[in-house]
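Asker: Here you go, one structure.
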Amino acid sequence: MALRKLVAGNWKMNGTRAALGEIAAIEAAAAGAAGIDVAICPPFTLIAAAGQQVSKVAIGGQDCHHAAKGAHTGCIAATMLADLGARYVIVGHSERRTDNGEDDAQVRAKAEAGIAAGLIAIVCVGETEGERDEGRAGSVVGAQLDGSVPPAATAAQLVVAYEPVWAIGTGRTPSLDDVAEMHALIRAKLLAILGQEGAGVRILYGGSVKPDNAAALMAIADVDGALVGGASLTAAQFAPIIEAAAGA
């Protein structure tokens with residue numbers, strides 16, 4: 001089943017108000033790409049201002065707390081993101097898992113909080129280089145899905161992003177066959193967790209997605225879009241990826 005493509009940009013800890021011009025340029029690129037969804041997840045500080053510049057591009061947050069409110073200094077609730085007009089929230093990115101020690105149970109709780117607030121949760125999974133070299137990539141990602149995916153989620157509430165940790169920001173990507181194998185495994189696991197809802201969950205590929213490899217990645221079965229890091233920071237780099245998705 002061909003699903004509507006989603007191209008989401010994760011700006012990570014990059015961007016001040018001076019970067020809002022790039023949001024406007026990405027909006028222009030998205031307006032010319034029919035039949036796909038485009039999202040940008042800027043720093044929390046830019047969510048409100050970015051949302052005022054777009055109608056074709058959805059805005060998302062890069063993380064949320066599992067609680068709706070409370071004494072959690074420095075954290076942001078999914079309800080706050082929704083209040084700012086966000087439509088997506090990324091949870092479980094490998095940088096959060098590694099740098100902040102987040103485990104699968106925390107990721108699931110955050111995804112559930114995002115869904116409860118009316119957001120679409122983008123749940124990230126992926127193996128390290130060592131885990132792949134040991135032949136454990138499939139079992140590691142499968143276990144992450146078992147622990148991180150809310151079992152009551154619907155296809156409309158959930159996106160899964162496969163990001164091999166060793167490919168993020170390195171310029172390296174798995175072979176197309178490796179991507180196809182992992183996305184097929186993820187689809188099968190989603191069907192096992194969610195039943196038929198799993199057939200409609202979009203699975204994004206992330207990890208050094210660039211204009212020169214986007215089209216080949218988007219052509220793979222069960223690659224329903226991309227979660228893009230560094231190449232989403234400028235319209236010059238992000239627009240060709242949007243175009244590749246629209247043409248897939």
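Computed from the coordinates by the stated procedures, all read-outs in this text should not be read as laboratory data. The shown structure was predicted, so the numbers you read here are calculated from the model rather than taken from an experiment.
Asker: Tell me, what HN-Hα J-couplings in whole Hz come from the Karplus equation 6.51 cos²θ - 1.76 cosθ + 1.60 at θ = phi - 60° for each residue of segment 80-91, using x for Gly and Pro?
Answerer: Going residue by residue, I get 5, 4, 4, 4, 7, x, 5, 10, 10, 9, 7, 9 Hz, with x marking Gly and Pro.
Asker: Right, here's the next one. Comparing SER94, SER139, SER148, which has the greatest mean-square fluctuation in the GNM of the chain with Cα pairs linked when under 10 Å apart?
Answerer: So, out of SER94, SER139, SER148, the one fluctuating most is SER139.
Asker: Determine which lysines satisfy two conditions relative to LYS5: a Cα distance under 19 Å, and not lying fewer than 8 residues away in the same chain.
Answerer: Cross-link targets: LYS56, LYS210.
Asker: Something else now. Go ahead and estimate [θ] at 222 nm for the chain from helices alone: -39,500 (n - 2.57) per DSSP H run with n ≥ 4, summed, over the residue count, rounded to 500.
Answerer: The helix-only estimate for the chain comes to -11000 deg cm²/dmol at 222 nm.
Asker: Next question. Once the cut-off is 24 Å, how many percent of the Cα-Cα pairs in the chain end up in the long-distance tail?
Answerer: For the chain, the fraction of Cα-Cα distances above 24 Å is 40 percent.
Asker: Ok, one more. Compute the distance from the alpha-carbon center of segment 46-108 to that of segment 163-179, in whole Å.
Answerer: 25 Å
Asker: Next up: To make sure I understand the rule: partners must be aspartates and glutamates, Cα under 12 Å from the Cα of LYS189, and not fewer than 8 residues away in the same chain. Which ones qualify?
Answerer: Cα-Cα hits under 12 Å: ASP146, GLU197.
Asker: I would also like to ask the following. Would you grab the residues whose amide H sits under 5 Å from the one on VAL228? Only those 5+ places off in sequence or on another chain, please, with H modelled 1.01 Å from N.
Answerer: Here the answer is ALA8, GLY9, ASN10, since their amide H atoms fall under 5 Å of that of VAL228.
Asker: Taking LYS69 as the anchor, which lysines have their alpha carbon closer than 28 Å to its alpha carbon, excluding any fewer than eight residues away along the same chain?
Answerer: Excluding near neighbours in sequence, the set is LYS12, LYS110.
Asker: Additional query: Compute the relative contact order of segment 55-126 as a whole-number percentage, counting only Cα pairs closer than 8 Å that sit 6 or more residues apart in sequence.
Answerer: With pairs under 8 Å counted, the relative contact order is 37 percent.
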